[in-house]
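The values are calculated or read from the model by the stated rules, or taken from the named source; none is laboratory data. The shown structure was predicted, so the numbers you read here are calculated from the model rather than taken from an experiment. Reconstructed Cβ throughout: ideal geometry from the backbone, glycine too, with neighbour counts over all protein chains shown. To get the accessible areas, we keep the full protein, side chains included, count just its heavy atoms, and leave off ligands, DNA and RNA. Shrake-Rupley method; radii C 1.70, N 1.55, O 1.52, S 1.80 Å.
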2 protein chains.
Amino acid sequence: MNKQITKTSGDIEVFSLEKLKKSLERAGVDNITAENIAKDVADETDVATTVDVHEKTYKKLKEKYRPVAARYNLKRALKALGPSGYPFEQFFARLLNARGYKTSTNRTIRGRCVSHEIDVMAYKDNRHFIFECKFHNNLGYKSDVQTVLYMKARFDDIKERWAEVHEGKGHHLHKLWIITNTQFTKQARTYAKCNDIELMSWRYPKGRSLAELIDQTGLHPITAITRLNRRQKDYLINQGVVLCQEALQKPEALKKAGVHGHKLKQVLSEADAIVHLKNT
Amino acid sequence: MNKQITKTSGDIEVFSLEKLKKSLERAGVDNITAENIAKDVADETDVATTVDVHEKTYKKLKEKYRPVAARYNLKRALKALGPSGYPFEQFFARLLNARGYKTSTNRTIRGRCVSHEIDVMAYKDNRHFIFECKFHNNLGYKSDVQTVLYMKARFDDIKERWAEVHEGKGHHLHKLWIITNTQFTKQARTYAKCNDIELMSWRYPKGRSLAELIDQTGLHPITAITRLNRRQKDYLINQGVVLCQEALQKPEALKKAGVHGHKLKQVLSEADAIVHLKNT
């Protein structure tokens, strides 16, 4: 199969068996199974977009390796935290907690000139961080330089007042981070680098991207559980249950979401398998 | 008439005869006529919004005082430069020219980190200015602090490189201006003032607002001419004819827009009357 497929960005690329195989291995599939599944998908006739490739692969995985399917589907599971950006902020704060940061969400911070609403404030070893979470429902969307410029000016305004009020007490406002579930434009990355602003997107930067952070912490979003329907997921998110791990700790929340009996057992078992995938 | 009317912002206010009278006087109507027209409008039964008030008044003015009607209708005429923002930038550059500034539009300027697209650059006495024009089709919309923050970061980035390249040659990057045909939020005004950024909106700041600048220069937009239809206005704007004054100087452009014979005479006479209103 040497066919061309359309990416979510609208660009065209040649279908790569190797790339699909690698993404399956990343999700925890062994070498031989990954090759077999990738070949199966390559042989399908009606595959025209990366979304098609993903869906065919996901379906094949679900049939045989459900927890791996959840992990393979992670980018879509994150998207399923939407349509509003708030659950993504909550989810990201949990990732920071797992890394030893104290966090607070939806804070209003006074700057020198005006006040600013901050998605996530994080704190560790006397160092304070501002995190702006840019959640996009369209996975092909790229956060642009305008967002980074805007956040730079906010950070400057906050930093000037912070220096007066907190710096003397040993609390240092250290850095601005901007996180997105999609991508940043090249200009956004250039400007951020030039101004010591940290960016994190789905696959950027290599080694400490959002995908890798989730993998390292093993904190998968509740939306990764394939056996929950949309209504159940929405209920859980509204109750502040945004992680698979939290579902394991609060089975009563699952019951209130309408998951009972045999189904409850299945869901808990899937959540458990997803959580433990991190060590594979 | 003590009725309540809805503003474009959605807020409710009590209809004020005095306010309407003043706006008529501002447009060039004498005291007694202004009072009569305002009372006529007040007596109309189907007036529920500020838009209704405006339209009724405009209609009455058109019947008897056409050039004054054009001036009274100025805010709407500016809006009619849309839907894209480019003609408003062109129009604003003309206002700056009339004030003795050399201007260029749609420039790309390199900053320290990235390049930026600037709506209008202006230059006078070795001082350079950056103008960002925020055109809104919805007259109830307020330009918010986010725009001002974003432009502040752009200006900082440009200024840092400018200092290296031009400052030595006596060219000083003096100030950032943000112009809108509608309003700014209170937070936007506070932040701008705090950072020495100049804002100009339809009625802000008092004494040198956009409305006053147009009045002082006598440069009215081509869209103010009541006898031109939408298609004709669009054609003229596309040809770079954005002022009533320019229509007077280029009657051949009017002909190409399909305005001939008696109609051409009427349009030229109206344009002439609008241009000379500035001295009333």
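What about A:Val120, is it crowded, with 16+ Cβ neighbours inside 10 Å, more than 14 Å from every other protein chain (Cβ to nearest Cβ) and assigned to a helix (DSSP H, G or I)? No; evaluated as a whole, the condition is false for this residue. Inspect the range B:149-160 for any residue being open to solvent by less than 50 Å² (accessible area, probe 1.4 Å) and away from chain A (no Cβ under 14 Å) and give the result as yes or no. For the range B:149-160, residues open to solvent by less than 50 Å² (accessible area, probe 1.4 Å) and away from chain A (no Cβ under 14 Å): absent. Count of the range B:34-61 residues, restricted to those that are in contact (Cβ under 8 Å) with a residue 12 or more places away in the chain and assigned to a helix (DSSP H, G or I), is 19. Taking each residue of the range B:185-209 that is small (Gly, Ala, Ser) and looking for partners that are in a loop (DSSP other than H, G, I, E, B) with beta-carbon atoms closer than 7 Å, six or more apart or interchain, yields B:Ala188/B:Asp144; B:Ser201/B:Thr182; B:Ser201/B:Ser209; B:Ser209/B:Trp202; B:Ser209/B:Arg203.
Of everything in the range A:96-117 that is of a type outside the set (Gly, Ala, Ser) and in contact (Cβ under 8 Å) with a residue 40 or more places away in the chain, the residue that is farthest from the other protein chains (Cβ to nearest Cβ) is A:Arg99. Looking at B:Val259, B:Val267, B:Val275, just one residue is part of a helix (DSSP H, G or I), over 18 Å from B:Pro87 (Cα atoms), modelled with pLDDT of 90 or more and aliphatic (A, V, I, L, M), and that residue is B:Val267. Only one of the numbered conditions (1) open to solvent by 50 Å² or more (accessible area, probe 1.4 Å); (2) without any contact (Cβ under 8 Å) to a residue 40 or more places away in the chain; (3) within 25 Å of B:Gln216 (Cβ to Cβ); (4) not acidic (Asp, Glu) is not met by B:Lys64, and that is (3). Name the one entry in A:Phe91, A:Phe15 that is in contact with a Pro (Cβ under 6 Å, 6 or more places away or on another chain) and touching a residue at least 12 places away in the same chain (Cβ under 8 Å). A:Phe91 is the lone residue from the list that is in contact with a Pro (Cβ under 6 Å, 6 or more places away or on another chain) and touching a residue at least 12 places away in the same chain (Cβ under 8 Å).
Among the residues of the range B:1-16, are any touching a Lys or Arg at 6+ places or on another chain (Cβ under 7 Å) and part of a helix (DSSP H, G or I)?
Of the range B:1-16, the ones touching a Lys or Arg at 6+ places or on another chain (Cβ under 7 Å) are B:13, B:15.
Subsequent filtering for residues that are part of a helix (DSSP H, G or I) retains none.
The answer is no; no qualifying residue exists.
For the range B:214-256, a residue qualifies if it is in a loop (DSSP other than H, G, I, E, B) and in contact (Cβ under 8 Å) with a residue 40 or more places away in the chain, and the qualifying residues are B:Gly218, B:Leu219, B:His220, B:Ile225, B:Thr226, B:Arg227, B:Gly240, B:Val242. For the range B:83-92, the criterion of being part of a strand (DSSP E or B), away from chain A (no Cβ under 14 Å), open to solvent by 30 Å² or more (accessible area, probe 1.4 Å) and in contact with a strand residue (DSSP E or B) (Cβ under 7 Å, 6 or more places away or on another chain) is met by no residue. Of all residues in the range B:191-204, exactly one satisfies the criterion of being open to solvent by 50 Å² or more (accessible area, probe 1.4 Å), away from every other protein chain (no Cβ under 14 Å) and either among the small types (Gly, Ala, Ser) or in a loop (DSSP other than H, G, I, E, B) (or both), namely B:Arg203. Annotation: of all residues in the range A:131-146 being more than 14 Å from every other protein chain (Cβ to nearest Cβ) and not in a loop (DSSP other than H, G, I, E, B), the one that is farthest from A:Gln183 (Cα to Cα) is A:Phe131.
Residue count for the range A:93-109 under the criterion of being closer than 23 Å to A:Ala273 by Cβ and open to solvent by 30 Å² or more (accessible area, probe 1.4 Å): the result is 3.
Scanning the range A:125-134 for residues that are over 14 Å from A:Trp162 (Cβ atoms) and either at pLDDT 95 or above or of a type in the set (S, T, N, Q) (or both) yields A:Phe131, A:Glu132, A:Cys133, A:Lys134.
Pick out the one residue from A:Val41, A:Val51, A:Val114 that is under 30 Å from B:Val148 (Cα atoms) and either exposed (fewer than 14 other Cβ atoms within 10 Å of the Cβ) or of a type outside the set (Phe, Trp, Tyr) (or both).
Numbers: A:Val41 fails: under 30 Å from B:Val148 (Cα atoms); A:Val51 fails: under 30 Å from B:Val148 (Cα atoms).
From the options A:Val41, A:Val51, A:Val114, the qualifying one is A:Val114.
Of all residues in the range A:205-247, exactly one satisfies the criterion of being open to solvent by 30 Å² or more (accessible area, probe 1.4 Å) and small (Gly, Ala, Ser), namely A:Gly207. Counting the residues of the range B:3-18 that are touching a strand residue (DSSP E or B) at 6+ places or on another chain (Cβ under 9 Å) and either open to solvent by 80 Å² or more (accessible area, probe 1.4 Å) or within 20 Å of B:Gln183 (Cα to Cα) (or both) gives 8.
I need a count of the residues in the range A:158-190 that are at pLDDT 90 or above, part of a helix (DSSP H, G or I) and over 28 Å from B:Arg110 (Cα atoms).
Filtering the range A:158-190 for residues at pLDDT 90 or above gives A:158-162, A:172-190.
Now narrow it down to the ones that are part of a helix (DSSP H, G or I): A:158-162, A:186-190.
From what is left, the residues that are over 28 Å from B:Arg110 (Cα atoms) are A:161-162.
Number satisfying all stated conditions: 2.
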